[in-house]
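Inspection log for the structure reproduced underneath, given as structure tokens.
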Amino acid sequence: MKEFQEFNSPEDMDAACRYLIHRAKEATQHAYAPYSKFMVGAALMTDDETIVSGANVENASYPLCMCAERVALYAFASQHTGKKITMIAVVAHKRNHKELVSACSCGACRQVMLEFEQRQDSPIQVIMLGPGGKWVKSESVAALVPFGFDRSVLEV
Ligand code: THU
């Protein structure tokens, strides 16, 4: 299995991916982004096909802004003990524009996803719209975080 697959459109992806992208798009409606005007939605799917979504939430104190991915992941963590995440999709558009723009998860969100992946001991596929306009599907978070920091170094 290749680490990354590229698609021209969600239509070229399987039904689960298409649905998750659709739910991530829906989640952008809840974005609170008065400063960046960049509306981000994330939706994750679990092994029993539960969907949990999140949107970015900004703050006048800029460093407190929270990315859509982490909103979704922390909601999942606090509501769905025992389930595993199989896939997460991230999409974005500018305020008052419908068309999606590239939005690759930031390093902080990748680091958080990595911990979820390691904690559940099974890969999480990540779907994002890449900078070249192609949809990218990563087979795991680890593939998106080479040389990542993880808990193993903290063990005594
Ligand atoms: N943002 C996300 O929600 N996810 C990312 O991975 C990158 C950035 C949000 C944070 C902020 O509200 C806005 O996009 C502009 O950076």
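The values are calculated or read from the model by the stated rules, or taken from the named source; none is laboratory data. Just so it is clear, the structure is predicted and the values come from calculations on it, not from any experiment. We place every Cβ from the backbone using ideal geometry, glycine too, and count neighbours over all the protein chains shown. Just the protein is used for accessible areas: all its heavy atoms, side chains included, with ligands, DNA and RNA removed. Shrake-Rupley method; radii C 1.70, N 1.55, O 1.52, S 1.80 Å.
Scanning region 126-144 for residues that are more than 23 Å from residue 39 (Cβ to Cβ) and open to solvent by 30 Å² or more (accessible area, probe 1.4 Å) gives 139, 142.
The residue that is nearest to residue 56 (Cα to Cα), counting only those in region 107-123 that are open to solvent by less than 50 Å² (accessible area, probe 1.4 Å) and under 11 Å from the mean Cα position of the chain (by Cα), is 109. Residue count for region 1-37 satisfying the condition of being assigned to a loop (DSSP other than H, G, I, E, B), within 15 Å of residue 139 (Cα to Cα) and open to solvent by 60 Å² or more (accessible area, probe 1.4 Å): 4. Looking across region 38-78, just one residue is assigned to a loop (DSSP other than H, G, I, E, B), away from the ligand (no atom under 13 Å from the Cβ) and either aliphatic (A, V, I, L, M) or in contact with a Ser or Thr (Cβ under 7 Å, 6 or more places away or on another chain) (or both), and that is 47.
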